[in-house]
Each structure stands twice: as structure tokens, then as C-alpha cells.
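Down below is the structure, laid out as C-alpha cells.
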Amino acid sequence: MSIFSQISFKDQAFKLRENAILDATTAVLSSKGFDLMTMDDIAGVVGISKPSLYKHFKSKEDLVGEALIRLIDGAIEYMAQLDDALSPIGKLSALLEWALRVRLAGGMPFLPSTSPQVREMLMRNMRYVLKVMKLNGQLEKLVAAAQKTGDLNPDLPSDVILFSYYSRTCDPAAEFLQKFSKMSTEDIVTHMLKVAFNGIK
């Protein structure tokens with residue numbers, strides 16, 4: 001085996017471990033929250049030592065920031081793969097469906113919406129801020145286009161629609177239905193999408 005193959009294998013192993021760390025971070029954030037989560041928790045879930053964990057991420061703040069950046073990247077990548085023929089409301093619906101499925105699979109913690117400390121920490125993370133601005137810009141255009149076609153209420157301020165849309169991605173109703181109803185994931189997603197775009201009247 002050449003030295004180049006060895007380096008490539010080491011890089012791949014490093015990346016696989018990093019993904020496992022980020023998966024564990026998302027799971028622990030979902031169950032314990034930012035304040036109670038520790039680096040020991042993450043190392044224990046992944047099955048590595050804390051010094052090994054610090055080779056990947058130097059602090060809990062960096063770790064959480066990277067986990068949320070990965071989530072935003074997932075949303076941006078999903079948007080890029082959508083069929084251009086889809087209407088603006090169709091794209092908004094498709095992205096919300098993706099977010100609900102990720103959430104019900106445990107891949108989307110409530111943060112940062114419920115933690116001022118985390119919001120402040122993320123606002124200092126320029127990589128995160130730039131990613132959020134990119135996604136937000138795409139969604140703003142879709143909301144405006146859907147309002148022009150009448151698929152979204154043109155009388156509402158676009159910010160009201162946009163932030164209401166964001167709130168649906170972290171709506172605890174999805175978890176309550178998953179935990180306490182007898183609905184399948186498919187049914188939960190279907191009904192949550194109907195509520196999001198058609199209301200409950």
C-alpha cells in the first residue's frame with residue numbers, strides 16, 4: 001500500500017469518526033439540551049476518549065456549531081436537488097417535509113430556538129451565520145414568489161410567513177404525535193404539512 005493510500009484511509013477514518021461525533025451530538029442535544037450536554041457525554045456515546053474527541057473539536061461550542069452547520073448544509077443540499085419544475089409552494093412544502101422527517105428521526109434538536117445562550121454562541125460563528133443567510137435568502141424568494149401566485153396569503157407580511165414556516169421545523173407537536181398517538185411517521189408528516197399550509201379551520 002502506498003503512502004498516499006494510507007493517508008487517504010486515515011482521512012476517511014477521521015471523517016467517519018467526525019460524522020459519528022456529530023450524530024452523537026445531535027442525539028444528546030435532542031435529549032439533554034445544550035446546558036446539560038458535556039463532552040464526556042459525546043465521547044461516551046461514540047466510544048472514544050475525551051482527548052480523541054478534542055482532536056476533532058476544541059470545545060462544546062465548536063461541536064454544537066458544527067452539528068448545526070451540518071444540518072443547514074443538509075437543507076441547502078436538499079433544496080439544490082429539488083426539481084426546477086416544482087412551484088415555489090411545492091419547494092417550500094418539500095423542504096418542510098424533509099425537515100419533519102429529519103426531526104422525527106431524531107436528527108434535529110430544538111436548538112437554537114429555545115436557548116438564548118446557544119443563539120448568542122451561534123451568532124459568533126461566522127460559518128454558521130453565512131450558511132443560515134444563504135438558506136434564508138432562498139426561502140425568502142420562495143415565499144415572495146408563492147405570495148405573488150396567491151399560494152401564500154399576499155396580505156401577510158413575508159416575515160410573518162417565513163418565521164411561521166421556520167417554527168414548523170421545530171414544532172413539538174410532531175414529537176407529541178410520535179410519542180402519544182398511534183400514527184405512523186407518514187401520517188404525522190402528512191397531517192403536519194396540511195396544518196402548516198392549510199391551518200386547522
* **Residue that is surrounded by the fewest Cβ atoms within 10 Å (Cβ to Cβ), among those in region 1-58 that are modelled with pLDDT of 85 or more, within 22 Å of the chain's Cα centre (by Cα) and of a type in the set (Ser, Thr, Tyr)** => Thr38
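From the set of residues in region 76-93 that are among the polar types (S, T, N, Q) and surrounded by 13 or more Cβ atoms within 10 Å (Cβ to Cβ), which is farthest from Val132 (Cα to Cα)?
Within region 76-93, the match that is farthest from Val132 (Cα to Cα) is Ser87.
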* Filter region 167-191 down to residues that are of a type in the set (Ser, Thr, Tyr), surrounded by 12 or more Cβ atoms within 10 Å (Cβ to Cβ) and in contact (Cβ under 8 Å) with a residue 12 or more places away in the chain, then give me how many there are. => 2
* Look at Asp151 and say whether it is among the acidic types (Asp, Glu) and more than 28 Å from Leu177 (Cβ to Cβ). => no
* To do: Could you check region 103-201 for helices (runs of 4 or more DSSP H) lying wholly inside it with 3 or more residues that are aliphatic (A, V, I, L, M) and closer than 27 Å to Asp83 by Cα?
  => 126-149, 158-169, 185-198
* Asked: When you go through Val102, Val118, Val132, Val143 one by one, which is the residue that is over 27 Å from Gln178 (Cβ atoms) and aliphatic (A, V, I, L, M)?
  -> Val143
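Listed residues Asp62, Asp73, Asp23; which is farther than 20 Å from Thr169 by Cα and of a type outside the set (Gly, Ala, Ser)?
On the way: Asp73 fails: farther than 20 Å from Thr169 by Cα; Asp23 fails: farther than 20 Å from Thr169 by Cα.
Exactly one of Asp62, Asp73, Asp23 is farther than 20 Å from Thr169 by Cα and of a type outside the set (Gly, Ala, Ser), namely Asp62.
Mind telling me which of the residues Val160, Val143 ends up being over 21 Å from Phe34 (Cα atoms) and crowded, with 19+ Cβ neighbours inside 10 Å? If you could, list the steps in order and put the result at the bottom.
On the way: Val160 fails: crowded, with 19+ Cβ neighbours inside 10 Å.
Selected residue: Val143, the only one of Val160, Val143 that is over 21 Å from Phe34 (Cα atoms) and crowded, with 19+ Cβ neighbours inside 10 Å.
The values are calculated or read from the model by the stated rules, or taken from the named source; none is laboratory data. Because the structure is predicted, anything quoted here is derived from the model rather than measured. Counting neighbours? That spans all protein chains shown, and the Cβs are built from the backbone with ideal geometry, glycine included.
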